[in-house]
Amino acid sequence: MNKNERKKTQQHNPTLAIVLSILFAGLGQSYNRRFIKGTILIIVEAAFLITMYDFINIGLWGIVTLGTIPRVDHSIILLIQGIIAVLVLAFAIGLYIFNIIDAKRDAEKLRDGEKIPTLMDSMKNTYDKGFPYMLVIPGLFMLVFVVILPLLFMVSLAFTDYNLYNSPPRNLLNWVGFENFTKLLESGIWKDTFFSVFTWTIVWTVVATTLQIALGLLLALLVNDKRIKFKRTIRTVLILPWAVPAFVSILIFSALFNSEFGAINRDILGPIGLAVPWMSDPFWAKMALILIQTWLGFPFVFALFTGVLQSIPGDMYEAADIDGASRFQKFKNITFPFVLFATAPLLIMQYAGNFNNFNIIYLFNEGGPAVRGQNAGGTDILISWVYKLTFDTNNYNMAAAITIIMGVIVSAFAFYQFRKTASFKEEGNL
């Protein structure tokens with residue numbers, strides 16, 4: 001390396017560009033002789049510090065302390081402001097890191113004798129390669145404030161003592177760590193209620209969803225049989241329950257299953273002495289809910305399976321007939337694998353949806369009947385229990401803790417099943 005090259009290396013040292021960019025955004029770009037870009041970044045950082053410093057400072061103080069003076073400091077407002085401050089700070093740090101990487105990359109090009117792009121070249125390159133990202137950025141901002149901010153707020157509440165008896169602005173909230181989760185798993189009535197509701201939620205999800213899928217598949221197979229006539233009429237009739245709004249159907253079923261004046265007891269079971277306490281006995285209320293969900297859910301599965309069955313190549317069945325395969329063997333080796341491969345993601349979503357199926361539980365009997373020794377109803381699932389804790393008893397901290405547990409369970413189940421499903425793999429064998 002000659003003297004001029006060594007001088008060039010010293011003048012355009014990437015390490016120095018990084019240090020300058022760390023000290024203040026834009027200094028590294030100015031060092032690399034990209035003065036316009038450097039000036040813009042300097043102005044942006046200066047404006048950010050001037051306008052956002054106090055907001056971020058107060059926000060970080062608020063999220064740490066949740067206030068110090070009752071009736072003056074509002075813990076909820078401070079918590080929300082703190083979360084926004086953290087999000088803004090994270091965004092600023094991301095841009096700052098980009099500024100450092102950009103200065104380092106340009107310094108390396110100058111050191112190696114390469115030409116760095118001008119401002120116009122950079123703008124053209126950004127438009128050509130970054131146009132999709134420019135379209136996504138507005139939606140990303142909406143996602144942050146519509147989804148991520150409420151989610152972080154809910155997660156934060158799970159680690160506080162926010163309830164009916166400790167509400168701002170009269171009282172200040174306090175960080176309590178994992179105390180709410182410990183209470184759910186170890187503390188008397190909370191423990192009994194949580195495990196009872198959690199067990200019923202799992203049973204409800206598995207049994208109700210499996211029944212609606214099994215019934216939908218069975219009816220789809222029967223209607224798709226070549227020997228069945230008037231298929232269009234039959235399919236139309238079977239899909240009718242899906243056409244009626246679910247909340248209307250649930251309210252009608254709630255009236256039909258009413259223990260005192262419901263038609264099922266009064267006109268069908270009562271005359272033969274078999275009246276059932278559908279609303280007052282937790283066991284029979286659960287049975288009624290499973291039957292109703294099977295009725296409401298099978299039409300979608302039926303329509304889904306019908307479409308898949310009609311797309312199976314007939315050559316496969318003809319080859320199976322030549323080989324002497326029975327009906328069960330054709331179903332086991334052709335129909336079922338093909339249907340499962342095509343519909344597995346949607347079937348997984350059926351299970352996930354029923355896990356959080358608030359409408360049917362609440363509209364049928366509001367999660368009742370009451371159970372002695374528990375603060376949840378006999379048919380409450382986790383989501384309906386969370387609703388009651390939030391709006392009836394104002395136990396916001398416990399509701400948030402249960403919501404986190406629900407989210408972890410559903411996310412883990414869905415993620416695992418999606419990963420194991422052949423539909424999400426590059427190659428799969430039927």
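Brief remarks on what is shown
- Filter result (of a type in the set (A, V, I, L, M) and surrounded by 14 or more Cβ atoms within 10 Å (Cβ to Cβ)) within segment 152-183: 152, 154, 155, 157, 158, 172, 173, 176
- Tallying residues that are more than 25 Å from residue 296 (Cβ to Cβ) and more than 27 Å from the chain's Cα centre (by Cα) within segment 336-370 yields 3.
- Wholly enclosed helices (runs of 4 or more DSSP H) of segment 1-119 bearing at least 3 residues without any contact (Cβ under 8 Å) to a residue 40 or more places away in the chain and closer than 30 Å to residue 396 by Cβ: 35-65, 75-111
- Of the helices (runs of 4 or more DSSP H) lying entirely inside segment 303-405, those carrying at least 3 residues that are in contact (Cβ under 8 Å) with a residue 12 or more places away in the chain and within 29 Å of residue 415 (Cβ to Cβ) are 336-355, 358-365, 382-391.
- Some residue of segment 337-358 being surrounded by fewer than 15 Cβ atoms within 10 Å (Cβ to Cβ), out of contact with any Ser or Thr (no Cβ under 9 Å at 6 or more places or on another chain) and closer than 23 Å to residue 283 by Cα: no
- Only residues that are charged (D, E, K, R) and at pLDDT 95 or above were counted in segment 57-72, giving 0.
- The single condition among (1) farther than 20 Å from residue 162 by Cβ; (2) exposed (fewer than 15 other Cβ atoms within 10 Å of the Cβ); (3) touching a Pro at 6+ places or on another chain (Cβ under 7 Å) that residue 107 does not meet is (2).
- Odd one out for residue 81 among (1) surrounded by fewer than 17 Cβ atoms within 10 Å (Cβ to Cβ); (2) modelled with pLDDT of 95 or more: (1)
Quick grid of which residues meet (1) of a type outside the set (Ser, Thr, Tyr); (2) in the same structural domain as residue 243 (by TED's automatic domain parsing); (3) under 30 Å from residue 401 (Cβ atoms):
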{"residue": "301", "(1), (2), (3)": "yes, yes, no"}
{"residue": "308", "(1), (2), (3)": "yes, yes, no"}
{"residue": "317", "(1), (2), (3)": "no, yes, no"}
{"residue": "343", "(1), (2), (3)": "no, yes, no"}
{"residue": "348", "(1), (2), (3)": "yes, yes, yes"}
{"residue": "359", "(1), (2), (3)": "yes, yes, yes"}
{"residue": "376", "(1), (2), (3)": "yes, yes, yes"}
{"residue": "384", "(1), (2), (3)": "no, yes, yes"}
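- Within segment 180-202, if we keep just the residues that are under 13 Å from residue 378 (Cα atoms) and in contact (Cβ under 8 Å) with a residue 12 or more places away in the chain, the residue that is farthest from the chain's Cα centre (by Cα) turns out to be 192.
- Conditions (1) in a helix (DSSP H, G or I); (2) modelled with pLDDT of 85 or more: number failed by residue 415: (2)
- Failed criterion for residue 177 (all others in (1) under 26 Å from the mean Cα position of the chain (by Cα); (2) in contact (Cβ under 8 Å) with a residue 40 or more places away in the chain hold): (2)
- When each of 147, 88 is tested for being within 22 Å of residue 43 (Cα to Cα) and not small (Gly, Ala, Ser), the lone residue that passes is 88.
Residue by residue, here is whether (1) in the same structural domain as residue 216 (by TED's automatic domain parsing); (2) over 18 Å from residue 215 (Cα atoms); (3) modelled with pLDDT of 90 or more holds:
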residue: 284; (1), (2), (3): yes, yes, yes
residue: 291; (1), (2), (3): yes, no, yes
residue: 323; (1), (2), (3): yes, yes, no
residue: 327; (1), (2), (3): yes, yes, no
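Residue-wise test of (1) of a type in the set (Val, Ile, Thr); (2) surrounded by fewer than 15 Cβ atoms within 10 Å (Cβ to Cβ).
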residue	(1), (2)
294	yes, no
297	no, no
300	no, no
308	yes, no
314	no, yes
320	no, no
324	no, yes
329	no, yes
332	no, yes
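- Failed condition for residue 151, given (1) outside the structural domain of residue 386 (by TED's automatic domain parsing); (2) in a helix (DSSP H, G or I); (3) of a type in the set (A, V, I, L, M, F, W, C); (4) touching a helix residue (DSSP H, G or I) at 6+ places or on another chain (Cβ under 6 Å): (4)
The values are calculated or read from the model by the stated rules, or taken from the named source; none is laboratory data. Just so we're clear, the structure is a prediction, and the values are computed from it rather than from any experiment. Cβ coordinates were reconstructed from backbone atoms using ideal geometry, including for glycine residues, and neighbour counts include every protein chain displayed.
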